[in-house]
1. Filter the range 35-46 down to residues that are among the small types (Gly, Ala, Ser) and surrounded by fewer than 14 Cβ atoms within 10 Å (Cβ to Cβ), then give me how many there are.
2. Give the residues of the range 147-168 that are crowded, with 16+ Cβ neighbours inside 10 Å and either out of contact with any Gly (no Cβ under 6 Å at 6 or more places or on another chain) or modelled with pLDDT of 90 or more (or both), sorted by residue number.
3. Taking the conditions exactly as written (out of contact with any His (no Cβ under 9 Å at 6 or more places or on another chain) and aliphatic (A, V, I, L, M)), does Val77 satisfy them or not?
4. Could you please find all residues in the range 39-93 being within 22 Å of Ser179 (Cβ to Cβ), in contact (Cβ under 8 Å) with a residue 24 or more places away in the chain, in a helix (DSSP H, G or I) and not basic (Lys, Arg)?
5. Can you tell me which residues in the range 1-34 are surrounded by fewer than 19 Cβ atoms within 10 Å (Cβ to Cβ), more than 20 Å from Arg146 (Cβ to Cβ) and touching a residue at least 24 places away in the same chain (Cβ under 8 Å)?
Amino acid sequence: MFGGSFDPFHLGHFLIGRAAWENLRLDKVVYLPCAHSPLKSFQPKASAKERLSWLKKGLSGQKWAQVSDWEIKRSGVSFSVDTAAYWKKQVPRGALFWIMGSDQWSLLPQWKDFRRLARWVHFLVFPRPGNPKPRRGIRMTILPVRFDLSSTEIRQRVSQGLSIRGLVLEDLEKRISESRSYR
């Protein structure tokens, strides 16, 4: 599972998900755009519909990827422990993995019921300035990828009328550049 705002979905999100799938031989990587992030002081600028559309378009034809609108349909605050509980019921015999950046890994103790979440999932952490440090009693693997690319940077570039070529998937470049959400 790869949760986030995906505001917008960019090449780093794509490559991190694919690297997790390849390196750990996962069945699928499920991208889970959140409705409302509990630890961010701001909410996505792009609508849920727009973010879902970008994910579906960007991951179309990728046998390793799936997009779920579960958190968005649920609405309200998106707590990872609730999402993991839902997926645990969907795949009761399957192992659950949670993909996250080292920035979120460092905030894990602030997450709702993070100990319960840690019993259900194995965390896959990609370095995002700063290397993740192991935590006692919590399963974690460092993904061997690093992309210093952020959605914030892409939103700023779009608002300034600058090119985002090479930062987002080619199929999404025009859609994201023309989005009114970032103007």
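1. 1
2. Ser151, Ile154, Arg155, Arg157, Val158, Ile164, Leu167, Val168
3. Considered against the rule, which asks whether it is out of contact with any His (no Cβ under 9 Å at 6 or more places or on another chain) and aliphatic (A, V, I, L, M), Val77 comes out as no.
4. Passing the criteria: Ala48, Glu50, Ser53, Trp54, Leu55, Gly58, Leu59, Glu71, Ile72.
5. Asp27, Lys28
To keep it simple, each residue is scored yes or no on (1) modelled with pLDDT under 95; (2) on the phi > 0 side of the Ramachandran plot; (3) exposed (fewer than 14 other Cβ atoms within 10 Å of the Cβ).
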site	(1), (2), (3)
Lys63	no, no, yes
Gln66	no, no, no
Val91	yes, no, yes
Ile99	no, no, no
Val121	no, no, no
Leu124	no, no, no
Asn131	yes, no, yes
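The values are calculated or read from the model by the stated rules, or taken from the named source; none is laboratory data. Quick caveat: nothing in here was measured; it's all calculated off a predicted structure. Cβ sites come from the backbone with ideal geometry, for glycine too, and all protein chains shown count toward neighbours.
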